[in-house]
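Every number here is computed from the coordinates shown, using simple stated rules; none is lab data. These numbers were taken from a predicted model, which means no experiment stands behind them. A quick note on method: Cβ atoms are made from the backbone with ideal geometry, for glycine too, and the neighbour counts reach across all protein chains shown.
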Amino acid sequence: MSDEILHEVREGGIAWTTFNRPQARNAMLFSMYERLQNLAAEIDADPAIRVWVITGAGGKAFASGTDISQFREFRTAQDALDYEARIDKVLGALESCNTPIIAAIAGACTGGGLGIAGCCDIRICDSAARFGLPIAKTLGNILNMNNFARFYALVGPAAIAEMIMTSRLFSAAEAKHIGLVSEVLDSPEAVAARAMELATTMKDLAPLTLKATKIALRRLRHAAGEVEGDDLVTMCFTSADFQEGVDAFLNKRAPKFQGR
């Protein structure tokens, strides 16, 4: 593995992208999001790439969400809307990429990391994987309506409500039960091997059939994302609770939320 924070390999019709900040549980920097968005366009435009695998380095996390230090300067409603628009463009680029995408997940897959995995077509994980959106416990922010629509389509309203309202992390077995992942493997190494096996199989299948399947599912999902929700985003991101959450996280203490 190189020192690149987003490590890329393309060989034999398969692209393999690794989030490479294991010391930070692969927390996403804005530069990583930007590169991922650009990669989605590049891979979509490259007919030589038939399958794309996304994973995280270190075996402890796929991606643990956005690096919290990047929220230090958030103050205004526009800061919140700009952030959500930025993330939505990244996830939208993944959804719009007509190349099949496999998420090979080991360890934590939370926050923005879960958003990325949710935009992949197939998700497999190791038995130690944990999934969640613990925003009510950490920062006190909220998803935009597009992300609610994505998770609503993926796991249904009951699972997404429990994930957010309890802030607990779902186990690998629970993730399989609700359809979030299709397979649970014994170890990160087994996940990587299975991802390669799946990619090798899929790259020889009819590409137009796989592309049409992606487009059909995308069309079914898009209608639900048209609901207005900017007021909810600004309410949470501009609150005193959000500032408290950021400060508490960065100073390694429990936040004290007041509902204002």
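What the table shows:
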read-out: Pair list, Cβ < 7 Å and 6+ apart or interchain, from the stretch 47-65 residues that are within 23 Å of Lys203 (Cβ to Cβ) and in contact (Cβ under 8 Å) with a residue 40 or more places away in the chain to residues that are among the basic types (Lys, Arg) and part of a strand (DSSP E or B); value: Ile49/Arg10
read-out: Failed item, numbered, when Leu39 is tested on (1) surrounded by fewer than 17 Cβ atoms within 10 Å (Cβ to Cβ); (2) farther than 19 Å from Gly132 by Cα; value: (1)
read-out: Lone unmet requirement of (1) part of a helix (DSSP H, G or I); (2) in contact with a strand residue (DSSP E or B) (Cβ under 6 Å, 6 or more places away or on another chain) for Thr99; value: (1)
read-out: Sole residue being in contact with a Cys (Cβ under 8 Å, 6 or more places away or on another chain) and assigned to a helix (DSSP H, G or I), chosen from Phe242, Phe249; value: Phe242
read-out: Residue that is nearest to Leu232 (Cα to Cα), among those in the stretch 148-185 that are among the basic types (Lys, Arg) and buried (at least 18 other Cβ atoms within 10 Å of the Cβ); value: Arg150
read-out: Cβ-Cβ under 9 Å pairs, at least 6 apart or on other chains, the stretch 171-200 side in contact (Cβ under 8 Å) with a residue 60 or more places away in the chain, far side among the basic types (Lys, Arg) and assigned to a helix (DSSP H, G or I); value: Ser182/Lys176; Val184/Lys176; Leu185/Arg194
